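Coordinate-derived values only; no laboratory data. What you see is a predicted model; the values in this text were computed from it and never measured. Heads up, the Cβs are rebuilt from the backbone with ideal geometry, glycines too, and the neighbour counts pull from every protein chain shown.
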Amino acid sequence: MLQFSFWDILSNLLIATQWTIVLSLIAFVCGGIVGLALLFMRTSRIPALEWFTKVYIEFFQGTPLLMQLFLFFFGIALFGFEVSPWTAATLALTFWTSAFLTEVWRGCVESIPKGQWEASSSLALSYIEQMRYVILPQASRIAVAPTVGFSVQVIKGTALASIIGFVELTKAGTMLNNATFRPFLVYSLVALIYFCLCFPLSWWAKKIEGRLNVAR
Amino acid sequence: MSLVSIRDVRKSFGANEVLKGVSLDIAKGDVVAIIGRSGSGKSTLLRCINGLETYQSGSIIADGIEVGGASTNLRELRRHVGMVFQQFNLFPHLTAAENVMLAPTVVNKVSKAEARATAAEVLAKVGLSEKMDAYPSELSGGQQQRVAIARSLAMRPKVLLCDEITSALDPELVNEVLRVVEQLAREGMTLILVTHEMRFARDVGTKLVFMHHGKVHEEGVPKEVFAAPRTPELQQFVGQVG
Amino acid sequence: MSYKLQFAELLPYWNVLLQGLIFTIVLTVVSTVAGIAVGTAGASARTFGPVWLGRIVAVYVELIRNTPFIVQLFFIFFGLPALGLKLSETTAAFLAMVINLGAYSTEIIRAGIEAVPKGHIEAGLSLAMTKWEVLRRIVLNQAFRKIYPALSSQIIIVMLGSAVVSQISAEDLTYAANFVASRNFRNFEVYLLAALAYLVLAMLTRSLLRALGRVIFKAR
Ligand SMILES: Nc1ncnc2c1ncn2[C@@H]1O[C@H](COP(=O)(O)OP(=O)(O)OP(=O)(O)O)[C@@H](O)[C@H]1O
Ligand SMILES: [Mg+2]
């Protein structure tokens, strides 16, 4: 068997970290796009659309992310498609992220005073135009902090993709552990790398939130 | 032919009937002052006219458009019926000019340049030419309310609804807003105002409507009605507000 | 789609799944109680304890909140034995859950404590209450009232996160689902059923916590 030095372990983990970052970015961006679409549906006051988004959010917030990964992994295969861990992880994380972001953003939209809706309504703006020109520009300012905060959850969430065989940081940790039998070192490093990814975002989110509270 | 025709409108919030059969005819150029006690349904009536509230029975026809039907084209209606609110409701992320330009550019698809010219014109009319690029937070209450009026005017409305537009203002700022409204009235704008300014209602109004318990309790020419209220409720009300 | 879902094939395994479900419930209940105890201690230490203790608690909270639960679990189960601390799957699962919820609730409760007006503490002290009585009766009481909804959501998040303990072979609902899937190969059906069980569990937990909150905090 190969001998792994500390630097071998660290460099292998860092290489795998790239995939954690890529998967996080994809999930966050795609989840954000889907979440925005859901946000429009959720606040549309069209009963069927609101009902659909409520069920969607309930499901993705009320079941373990791990189960969602399994369901996508095995569910798509039922349709006769070949499913890579990549596809399943991307899809599950996207939908999971979107459900949470929609709820976060809905809170921000609802904190905009009713008068803004009424004034823009009486200026003949349609619902989409109200959102686009009046509500979202104001809501997005409040939304930055919790959105950045949630990105930390997304990064941590990608760790579960390891379970369906996606090789990212956690999976690399497991593989290196099996090869080196140095679990304490390997998992300490894995945790440390996650911390280095997540902590700056947590810190930033807190800072923005504080600044917003002062500004009010 | 009336510009706004309200026929036997009834409106309830749950079990609470707020409008109990209101009928009113408003002709082009009328300046209608609606007065009445708190809770008598003044705001609700006004909000029904531009579809911010729905009502259960009766009919409202504004500028030829039946309000409140399932197929009502609210967008078309609201292009011609403006509204100014007690709390101004300016868009805080936009400057005064941008507040005014928003609806013309977005709804009427007017070019930016043309909208800006209109904004300059209506802001001049309310006396705020030099505040075009100020944000609402940089303006006094009276100035904000005048921007809100200009914002409605930019859509060239046929009717302007005003709900207690001076009630949130410090007393010394009330007049600058009332003067703007008076000017509009003189230019022939059709106005429906809910107001607590009795003197203004009498001097500027062409028609006075006294609402009581969800009904039009008394109406007529302001000077006559104020001089000789027929019903004891209006007598008492006028006596109270002086 | 030509595939037909075959839920009937899950029936023979109902008791496996039920046992898993019970494990998940017990795991959640125990770690909720212990985790909130840790959180209360941690939050009190951070706000009223000596500076050095507050620093240690802060590091604990940030370390846990900024790393994935699965890594914490692996660290405890695989990593700690290297230091001579060998734990069973079940113990490791419970410990990881408590440590995890402990960190989150420390942060949540701390925010609640900081929202209690200083004047209330001074008023309590001036009424000759001891520091302990002030902490318990005035500060924590108000703090919990305020953060109860946030704490409730966190409990549900942690409950759903507990699915991960299956990865060290702690025999929870997900472990049971994996087991059944490995026997009858009806992966999708098993996981769908398990997911719905979690969903029901989450909804029940939410209603239960809400009802509990009304009982605990009914004196407004
Ligand atoms: N959205 C609502 N839901 C329930 N009840 C409402 C709502 N809006 C108004 N009401 C009720 O309808 C009644 C009439 O309200 P409205 O605002 O029309 O009165 P108003 O004459 O404008 O009073 P004020 O002078 O205080 O503005 C009140 O009893 C009020 O409580
Ligand atoms: Mg009113």
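For the range A:6-215, a crude dipole built from +1 on the beta carbon of Lys and Arg and -1 on the beta carbon of Asp and Glu, taken about the Cα centre, is about 400 debye to the nearest 20. In this structure, the amide hydrogen of B:Leu24, modeled 1.01 Å from its nitrogen in the peptide plane, lies closer than 5 angstrom to those of B:Ile6, B:Arg7, B:Asp8, counting only residues at least 5 positions away or on a different chain. Across chain C, the fraction of Cα-Cα pairs farther apart than 26 Å, rounded to a whole number, is 46%. Shown for B:His213, B:His80: other C-beta atoms within 10 Å of each C-beta, ranked fewest to most, produce the order B:His213, B:His80.
Plugging the Kirkwood radius over Cα pairs into Stokes-Einstein for the range B:63-198, at a temperature of 37 °C and a viscosity of 0.692 mPa s, what D comes out in µm²/s? Using the Kirkwood radius from Cα pairs, D works out to 216 µm²/s.
For Cα pairs less than 8 Å apart in space and 6+ apart in sequence, what is the mean separation divided by the residue count of the range B:109-202, i.e. the relative contact order in percent? It would help to have the intermediate numbers written out before the result.
On the way: 72 pairs, mean separation 26.6, N = 94.
Reported as a whole number, the value is 28 percent.
Compute the Kirkwood hydrodynamic radius of the range A:15-133, taking the inverse of the mean of 1/r over all pairs of distinct Cα atoms, and give it in Å to one decimal. If you can, show how the numbers build up before the last one.
On the way: mean 1/r = 0.0626 Å⁻¹.
Averaging 1/r across every pair of different Cα atoms and inverting gives 16.0 Å.
Across chain A, C-alpha contacts under 8 Å between residues 6 or more apart give a mean separation that, scaled by the residue count, equals a relative contact order of 28 percent. Over the Cα atoms of the protein assembly as shown, the radius of gyration divided by the Kirkwood radius equals 1.08; this is the Rg/Rh ratio. Largest first, the three principal axis extents of the alpha carbons in the range C:168-220 are 54, 22, 10 Å in whole numbers.
Could you list the chymotrypsin sites (Phe, Trp or Tyr not before Pro) in the range A:154-210 that lie in coil according to DSSP, counting only those with at most 14 other Cβ atoms within 10 Å of their Cβ? Of the chymotrypsin sites (Phe, Trp or Tyr not before Pro), the ones in loops of the range A:154-210 whose Cβ has at most 14 other Cβ atoms within 10 Å are A:Phe181. Shape descriptor for the range C:60-191: Rg over Rh equals 1.16 (Cα atoms; Rh from the Kirkwood inverse mean 1/r). Each principal axis of the range A:71-216 carries a Cα extent, and these read 67, 46, 15 Å when sorted largest first. Calculated over the range A:158-216, the projected area of the Cα convex hull averaged across directions stands at 4.9 nm². Its Cα centre serving as origin, the protein assembly as shown has a Cβ charge dipole (Lys and Arg +1, Asp and Glu -1) of approximately 780 debye.
Of the candidates A:Ser44, A:Ser151, A:Ser122, which one comes out as most mobile in a Gaussian network treatment of chain A with C-alpha springs shorter than 10 Å? Highest fluctuation among the options: A:Ser122.
At 1.002 mPa s and 20 °C, plugging the Kirkwood radius over alpha-carbon pairs of the range B:1-121 into Stokes-Einstein gives what diffusion coefficient in µm²/s?
Details: Rh = 16.2 Å.
Taking Rh from Cα pairs, D becomes 132 µm²/s.
Of all alpha-carbon pairs in the range C:1-90, indicate the percentage at a distance above 17 angstrom. Of the Cα pairs, 71 percent sit more than 17 Å apart.
Please give the average number of partner chain Cβ atoms lying within 10 Å of the Cβ of each residue in B:88-94, rounded to a whole number. Don't skip to the end; give the middle numbers.
Numbers: counts 2, 10, 3, 9, 6, 8, 4.
Partner Cβ neighbours, averaged per residue: 6.
Shielding of peptide A:68-78 by partners, expressed as the average count of other chain Cβ atoms within 10 Å per residue Cβ, is 5. Only bridges with both residues in chain B count here: give the DSSP antiparallel percent, nearest 5. Counting only bridges with both partners in chain B, antiparallel ones make up about 55 percent.
Just tell me how shielded A:149-157 is by partners: mean number of partner chain Cβ atoms within 10 Å of each residue's Cβ, no decimals.
Working: counts 0, 0, 0, 2, 3, 0, 3, 8, 3.
For this peptide, the per-residue mean of nearby foreign Cβ atoms is 2.
Rg and Dmax over the alpha-carbon atoms of the range B:108-147 stand at 10.8, 31 Å.
Calculate the translational D of the range C:17-64 in whole µm² s⁻¹ from Stokes-Einstein, where the hydrodynamic radius comes from the Kirkwood formula applied to all Cα pairs, the temperature is 37 °C and the viscosity 0.692 mPa s.
Diffusion coefficient, whole number: 268 µm²/s.
Please state the charge dipole magnitude for the range B:83-242, taken about the Cα centre, from unit charges on C-beta atoms (+1 on K and R, -1 on D and E), reported in debye and rounded to the nearest 20.
On the way: 17 positive and 19 negative charges, 104 e Å.
Value, rounded to 20: 500 debye.
Based on DSSP, what percent of beta bridges with both residues in the protein assembly as shown are antiparallel, to the nearest 5? Each step should come with its number before you reach the end.
On the way: 21 of 39 bridges.
Restricted to the protein assembly as shown, the bridges split so that about 55 percent are antiparallel.
So what is the 222 nm mean residue ellipticity for the protein assembly as shown from helices alone, if each DSSP H run of at least 4 adds -39500 (n - 2.57) and you divide by all residues, rounding to the nearest 500 deg cm²/dmol? Walk me through the numbers before you get to the answer.
Details: 25 runs with 416 residues, N = 678.
Computed ellipticity for the protein assembly as shown at 222 nm equals -20500 deg cm²/dmol.
What separates the Cα centres of the range C:49-124 and the range B:129-192 is a distance of 57 Å.
Put the Cα centre of the range A:68-86 next to the Cα centre of the range A:154-216 and the gap is 25 Å.
Of all the options B:Val221, B:Val181, B:Val204, the one that moves most in a Gaussian network model of chain B with Cα springs shorter than 10 angstrom is B:Val221. Size check on chain B: the Cα extents along the three principal axes, sorted descending, read 53, 44, 34 Å. Axis of helix B:232-241 versus longest Cα principal axis of chain B: the two differ by about 40°, to the nearest ten degrees.
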